[in-house]
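The values are calculated or read from the model by the stated rules, or taken from the named source; none is laboratory data. Predicted model, so just to flag it, every value in this text is computed and none were measured. Ideal geometry is used to build each Cβ from the backbone, glycine not excepted, and the neighbour counts take in all protein chains shown.
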Amino acid sequence: MTHHHRRRPVKRFAPPGTSPGTLLPPSADAAGPARLSLVVYDAGSATVHAIGSVADALPLLAGASNAWLSITSHHSAALKELETHFGVHPLVLEDIVNIGQRPKVEQSEKYAFVVVDIVRGNGNGDAEEEQVSLLLFDTLLVSIQEHESELFRPVEERLLQGRGKMRSLGVDYLAYAVIDAMVDTFFPQLEAVGEAIDEVEDQLLERPGREAFERLHILKRKLLRLRRATWPLREAVGALGRADTPLVREGTRVFLRDVYDHTVQIIDIIETFRDMAAELVDLYLSSMSNRLNEIMKVLAIIATIFMPLSFLAAVYGMNFNPQAGPLSMPELNWR
């Protein structure tokens, strides 16, 4: 199966001279009304509330111990409410809407802003990119996605069913669980890339051709995109684990260090696969060179066989006149 990569703009910029913090219209993929969901939980229970706007969540948040507000789509009206009701800076909202941000962590007095860029398979061999933004408050986690997906469904089920430490710890542990779920999406992608590299290697050894080389080129491009997403992600996770802020409690830092180790492992796998892909390119070029040498060898043998025949044909194909002199070829008049 041929794998394709869904390309996207590197980053969306406002026109030159636009005021800082201006929110661009949502991209085509993230267009449409925003879909919001609020999970209010404490050590003993967790409840899901379907809400129509951020303002609808305020009464539910008033007496809540912890809460998770999930926003799907980059609709400007919903994001503007984050500025109105939670004091989120306009420049942060601009980074949320303008996809293609470098994974990073920014801190303010009230919240921590986290950007994660993930690359996932969609089930038919294609790779899709998605930017996920997190706003970590003291008792509230806000997650903003581009479009609807099942990315956080396992985390939500753990929270609703009360499995593990999800309810007993604060929203910083919930933020860790969300980030861990995003980091784990890279492993299936790398497993698929590893299997594809093995198949291309077998194909290059048996019957090197343009199809195998094109597939290898697609794999190299995908590895490059994975590398661009994971290298800054490692820095962001490490910075969040070392952040000097009360928003991240000491008990959660241990789990963030584990996610950091996962990002390092992912980067090591990517670099190994990149080296393997480069070696396969050399293998392809060597195979093509050997194939060309074999063809040239056959042509040289054929040319060697026909050289004396060509000489005889050239000599006896001349127009000699036997009556012109003694040096002419007398056998031309023989029977």
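Observations, loosely collected:
- Test result for Glu250, surrounded by fewer than 17 Cβ atoms within 10 Å (Cβ to Cβ), at pLDDT below 90 and under 23 Å from Glu195 (Cβ atoms): no
- Matching option when the condition is crowded, with 19+ Cβ neighbours inside 10 Å and either under 21 Å from the mean Cα position of the chain (by Cα) or modelled with pLDDT under 90 (or both), among Lys165, Lys222: Lys222
- Per-region count, the range 267-293, residues of a type outside the set (S, T, N, Q) and modelled with pLDDT under 80: 7
- The residue that is surrounded by the fewest Cβ atoms within 10 Å (Cβ to Cβ), counting only those in the range 51-83 that are assigned to a helix (DSSP H, G or I) and free of Cβ contacts under 8 Å to residues at least 24 places away in the same chain, is Ala62.
- Residue in the range 141-155 that is in a helix (DSSP H, G or I), of a type in the set (Asp, Glu) and out of contact with any Ser or Thr (no Cβ under 8 Å at 6 or more places or on another chain) present: no
- Considering residues of the range 16-46 that are at pLDDT below 85 and among the hydroxyl-bearing types (Ser, Thr, Tyr) only, the residue farthest from Glu146 (Cα to Cα): Ser45
- Only one of Arg215, Arg228 that is basic (Lys, Arg), closer than 17 Å to Ile266 by Cβ and within 20 Å of the chain's Cα centre (by Cα): Arg228
- Some residue of the range 195-203 being surrounded by 14 or more Cβ atoms within 10 Å (Cβ to Cβ), at pLDDT 85 or above, acidic (Asp, Glu) and over 22 Å from Asn290 (Cβ atoms): no
- The condition of being surrounded by 12 or more Cβ atoms within 10 Å (Cβ to Cβ) and either over 27 Å from the mean Cα position of the chain (by Cα) or at pLDDT 80 or above (or both) holds for Val237.
- Looking only at residues in the range 168-194 that are of a type in the set (Val, Ile, Thr) and touching a residue at least 60 places away in the same chain (Cβ under 8 Å), the one that is surrounded by the fewest Cβ atoms within 10 Å (Cβ to Cβ) is Thr185.
- Subset tally (residues that are polar (S, T, N, Q) and more than 20 Å from Thr72 (Cβ to Cβ)) for the range 129-185: 3
- Cβ pairs under 6 Å, 6+ apart, first in the range 202-225 and closer than 14 Å to Met276 by Cβ, second of a type in the set (Lys, Arg) and at pLDDT 85 or above: Leu223/Arg274
- Selection from the range 84-106 of residues that are in a loop (DSSP other than H, G, I, E, B) and closer than 15 Å to Leu141 by Cα: Gly87, Val88
- When the range 238-267 is filtered for residues that are among the β-branched types (Val, Ile, Thr), closer than 15 Å to Tyr176 by Cα, part of a helix (DSSP H, G or I) and touching a residue at least 60 places away in the same chain (Cβ under 8 Å), the ones remaining, listed by number, are Thr252, Val259, Thr263.
- Flag for Ile144 being over 22 Å from Leu190 (Cβ atoms), modelled with pLDDT under 90 and surrounded by 22 or more Cβ atoms within 10 Å (Cβ to Cβ): no
- Qualifying residue in the range 128-135 (condition: in a loop (DSSP other than H, G, I, E, B) and either of a type in the set (Lys, Arg) or out of contact with any Ser or Thr (no Cβ under 9 Å at 6 or more places or on another chain) (or both)): no
- Flag if Leu169 is closer than 13 Å to Val132 by Cβ and in a loop (DSSP other than H, G, I, E, B): no
Condition check ((1) in contact with a Lys or Arg (Cβ under 6 Å, 6 or more places away or on another chain); (2) surrounded by 12 or more Cβ atoms within 10 Å (Cβ to Cβ); (3) on the phi > 0 side of the Ramachandran plot) across all residues:
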residue: Gly241; (1), (2), (3): yes, yes, no
residue: Pro246; (1), (2), (3): no, no, no
residue: Val254; (1), (2), (3): no, no, no
residue: Val259; (1), (2), (3): no, yes, no
residue: Gln265; (1), (2), (3): no, yes, no
residue: Ile269; (1), (2), (3): no, yes, no
residue: Met276; (1), (2), (3): no, yes, no
residue: Tyr284; (1), (2), (3): no, yes, no
